[in-house]
Each structure stands twice: as C-alpha cells, then as structure tokens.
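For reference, the structure discussed in these notes is given below.
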Amino acid sequence: MRNITFTSHGVACAAWHVPAVTDTLQGPAGRPCIVMAHGLGGTRDTGLLRFAEAFAAAGVDAFVFDYRGFGGSDGSPRQNISVRRQRQDYRAAVATARHLPGVDPDRIALWGTSYSGGHVVAVAADDPRVAAAVSMNPATDGAAALVQLTRYAGVGQLVRATGHGLLDATRALTRRTPHHVPVVGPPGSAALISTPGSEQAYLSIAGPSWRNETCARTALGVAVNRPTVHAHRIPCPLLVQVGTDDRIAPPAAARRTAGKAGRHAELREYPIDHFDFYSGNWQQRVAADQVAFLTAVLERSTVVSHSV
C-alpha cells in the first residue's frame with residue numbers, strides 16, 4: 001500500500017494506492033483500478049481497507065481517498081460535508097487514478113457507500129470513460145431519507161437538525177468558527193445519524209483519523225441531494241446493493257435508482273441494516289458479490305479493448 005497525495009481544486013488530498021496482487025485482470029494497457037471514498041462523515045481508515053484488499057486480491061488496484069477537510073486531507077472548514085465538493089474530489093481522484101503506474105486509464109471503476117453510494121451515480125453519469133460503478137447501501141434520494149428520518153425519530157428531530165443547521169450557516173456567513181453536531185449518536189441526540197444501534201456500529205469500524213463531528217449545515221442540504229435523478233444517464237454497468245432493513249438509506253429509493261439505470265444496473269438485496277455492510281460475514285458476502293461483478297465487467301472490458 002502506497003501513500004498518495006493528489007490535488008482537488010488546489011487542496012492536497014490524501015489517498016492510499018493498494019496495487020493488485022495478481023495479474024488476473026492485466027490487459028495490454030494495464031490493470032483496472034477502483035476509486036473509493038466513504039459516506040457521511042467517514043474517512044478512508046474507517047472500514048474501507050478490507051474492501052480494497054478484496055479487490056486487490058482479485059486483480060483490481062484500489063485508490064482509496066479522503067475528501068477535502070477529512071482524515072489526512074487538507075482543506076477547511078474541517079468536517080464540512082459538501083455534496084458539490086465531494087463529487088469534485090471524486091473526479092480529481094479518478095483523474096489521478098488514470099495516471100497511476102500500471103493502471104489502464106480506460107478501466108476505472110467507482111465505489112461508493114451510503115452518501116458516496118449516491119455520489120458515484122452522479123459522477124459515473126458524467127464520465128463516459130468510467131468502466132463500472134458499485135453503489136453499496138446508497139443514499140440516493142435525500143427527500144426520501146428525510147421522510148424515513150421523520151418516521152423513526154419524529155418531526156422534532158427534523159426541526160432540531162434544521163435549527164442546528166441554520167445556526168451553523170449563520171456562523172459561516174459571519175466567518176465564525178463552525179457549529180458542529182455529531183455524525184452519529186444515540187436516539188434523540190443532535191447527531192445526523194441516530195437510529196438505535198448506529199452509534200455502537202459506527203464506532204466499531206472507526207479509524208484513528210475519524211472524528212465524530214460535522215458542520216451542522218450539512219442537514220440543510222440533505223433534501224436536495226438527489227443523485228437518483230442522474231441514474232438514467234449512467235452509461236456503464238452499475239451494481240446497487242441494498243439492505244432491506246436499512247433504516248438510514250431508504251431501500252425503496254435505491255431500488256428506484258437501479259430501475260432508472262435500466263439495463264445497466266444489477267440490483268442485489270440483503271436482509272440487513274445499514275452498518276451490517278461493513279463487518280463480519282455480511283461484509284465478506286457483500287465484498288464477494290462486488291468482486292464477482294467487477295471481475296465479469298472488467299474482463300469483458302479487456303476483451304473489447306484488446307479486439308478493437
């Protein structure tokens with residue numbers, strides 16, 4: 001594993017390059033590579049490496065990065081979850097991955113989970129060179145997520161989140177330090193994620209660079225984050241993995257996103273909740289399905305590019 005630094009909009013971002021350990025998918029132009037980043041408030045050292053290592057074992061390089069303002073990356077304000085900036089970072093990471101030694105620039109895949117599971121839908125829709133995308137327990141419709149939040153936590157939780165968000169937005173306008181709320185916490189807390197059991201589950205996979213805080217203004221943008229509207233434009237194979245018991249990323253919204261992608265999408269469902277994707281037997285099963293999908297797609301890409 002190599003430490004890599006790349007630039008996104010003038011800011012240095014930190015990444016790991018995990019090279020493939022087999023030449024199984026080696027082609028005339030090199031090996032495929034998958035670009036990976038975390039979901040809501042996550043960092044690359046929070047449960048992503050076990051997926052990256054599974055890809056490397058199958059012959060796919062992995063490029064795992066931190067968004068600006070998170071983990072090992074520079075940028076301020078720290079811990080600010082911005083959909084626009086994070087998608088810009090994905091595009092910058094893809095551009096960097098295409099120039100990694102030994103990597104085939106036309107066999108770049110995207111991998112996202114939760115919030116970033118939505119990002120990869122939007123990014124892939126705008127980049128016809130992307131060879132494949134994996135969207136795991138994705139948040140694809142912010143409006144649907146708010147409806148689900150109201151159902152399990154009540155309208156009061158939504159009102160509190162909005163209040164914290166407005167306070168932070170006001171502080172940003174007046175150039176004061178951000179007002180933070182926890183990323184995850186117990187039910188009834190001010191955390192963005194407060195479903196029963198979420199705090200313990202998130203903390204169990206948290207890496208040393210992860211911080212349980214985010215700028216509260218994040219809550220104000222959730223409803224307008226709707227990557228599902230881009231799904232019909234995706235030109236590459238897309239694997240959508242849904243937890244049927246997911247209480248954070250609405251499964252029905254993810255299914256609709258797969259439906260909009262039409263023939264390009266493969267939908268797989270698992271009887272699990274949101275954080276069950278990241279550890280234990282379910283993580284191994286989910287990762288195995290991802291490896292099988294990517295191997296099939298990227299092997300075809302090798303044959304096609306070699307025959308052209």
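The values are calculated or read from the model by the stated rules, or taken from the named source; none is laboratory data. Bear in mind the structure is a predicted one, so any value in this text is a computation, not a measurement. Methodologically, a virtual Cβ is constructed for each residue, glycine included, from the backbone with ideal geometry; neighbour enumeration extends over all protein chains shown. Just the protein is used for accessible areas: all its heavy atoms, side chains included, with ligands, DNA and RNA removed. Shrake-Rupley method; radii C 1.70, N 1.55, O 1.52, S 1.80 Å.
Just by accessible area at a 1.4 angstrom probe, what is the order of THR228, THR295 from largest to smallest?
From most exposed to least exposed: THR295, THR228.
Kindly express, to the nearest 10 degrees and within the range 0 to 90, the angle between helix 115-125's C-alpha long axis and the longest C-alpha principal axis of the chain.
50
For the chain, what % of the accessible area comes from carbon and sulfur atoms, probe 1.4 Å?
Result for the chain: 55 percent of the exposed heavy-atom area is carbon or sulfur.
Quick one: divide the alpha-carbon radius of gyration of segment 184-308 by 2.2 N^0.38 Å and tell me what you get.
With N residues counted in segment 184-308, Rg over 2.2 N^0.38 Å equals 1.27.
Express in Å², to the nearest 10, the accessible area of TRP282 obtained by rolling a 1.4 Å probe over the protein heavy atoms while all chains stay in place.
Spelled out: TRP282, probe radius 1.4 Å, area about 80 Å².
Would you mind getting me the FRET efficiency between GLU299 and GLU53? Use the beta-carbon distance for r and R0 = 22 Å, nearest 0.05.
The formula returns an efficiency of 0.65 here.
Go ahead and run the numbers for FRET between VAL147 and LEU267, Cβ-Cβ distance against an R0 of 25 Å, rounding to 0.05.
0.75
Angle between the Cα long axis of helix 155-173 and the longest principal axis of the chain, 0 to 90 degrees, nearest 10?
80
For ARG98, what accessible surface area do you get with a 1.4 Å probe? Give it in Å², rounded to 10.
Counting only protein heavy atoms, ARG98 exposes about 40 Å² to solvent.
On a full-extension model of 0.36 nm per residue, what is the gain between LEU167 and ARG211, subtracting their alpha-carbon distance, rounded to one decimal in nm?
13.8 nm
What FRET efficiency would be calculated for the residue pair HIS99, ASN281, taking the C-beta separation as r and a Förster radius of 51 Å, to the nearest 0.05?
The formula returns an efficiency of 0.85 here.
Among SER8, SER82, what's the order by accessible area (1.4 angstrom probe), most exposed first?
SER82, SER8
Quick check: the angle from helix 280-307's long axis to the longest principal axis of the chain, C-alpha only, nearest 10 degrees?
So the inclination is approximately 40 degrees.
For the chain, what does the helix formula give at 222 nm: sum of -39500 (n - 2.57) over DSSP H segments with n ≥ 4, over the residue count, nearest 500 deg cm²/dmol?
-12000 deg cm²/dmol, from helical runs alone.
Looking at LEU149, CYS33, VAL94, which one has the Cα that reaches farthest to the positive end of the dipole of the chain (charges on Cβ: Lys, Arg +1; Asp, Glu -1)?
Result: LEU149, furthest along the dipole toward the positive end.
Over segment 102-255, with the other protein chains present, what is the accessible area per residue in square angstrom, probe 1.4 angstrom?
The answer is 38 Å² per residue.
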